[in-house]
Amino acid sequence: MNVSARRTLTAFLVASCALYGEAASALEIAVIGGTGRVGSRVVAEALSRGHSVIGTSRTPDAYVIEDANFSATFVDAYQPEGLLPNIAESETYVIVIGGASLLDRGPGIPRASPENGQGHALTLEMLRATEDVTWSYLSPAGNFLDSDPTGEYTLGGEEMVRPDHGEAQGIPYGDFAAAVVDELERRTNAGKLFNAQGGE
């Protein structure tokens, strides 16, 4: 992966983890943007499952987390040479969080496209052309919700609208974070764009 491609990727990179066979225990997870609304929930969810988490930021002191499995370090996401230095050479699984505009939202609603210079679409195009990184691209189906997590969510493919249930529901931040960590553990959607929405 070249530097210009990594610059596109790092703007949206949320979490990655080292692969340790089939076991989901004791993953080492790096979270970019771990103080944000999504990233902070991903950090909390991963720690609650006993994983080791590295929170990266240009201001690592912004993390106020007392957990033996957590550490913070300086990384400038816009200087990719300092971001997960051996990402292309190591067995790392990268999950990128993108916008719902990438999804098929129904007739007459255009999807984001690289031709329009839209960042999420450019990132997805770059990932699909990459052979040296194992990745998946997760989008929320609809809006993020500030409500308490329900403990349930539904995964879908590239379509936002589910014909059997109508419009996709929004998803609480906490449930979305659970979907991210579940994917890091299970790695069932490698090489795919998929979405998560609130449960029934």
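Near Ala178, within a Cβ-to-Cβ distance under 15 Å, what is the net charge of the other residues, with Lys and Arg +1 and Asp and Glu -1?
-3
So, by mean Cβ neighbours within 10 angstrom, what's the order for 176-185, 46-55, 66-75 with the highest one leading?
176-185, 46-55, 66-75
What distance in nm lies between label points placed 7 Å from Cα along the C-beta direction at Glu159 and Ala68?
The answer from the label model is 4.9 nm.
What's the FRET efficiency of Asp61 with Ala26 using the Cβ-Cβ distance as r and R₀ = 30 Å, to the nearest 0.05?
After rounding, the FRET efficiency stands at 0.65.
Coordinate-derived values only; no laboratory data. From a predicted model like this one, the values you see are computed outputs, not experimental measurements. As a convention, Cβ positions derive from the backbone with ideal geometry for all residues, glycine included, and neighbour counts pool all protein chains shown.
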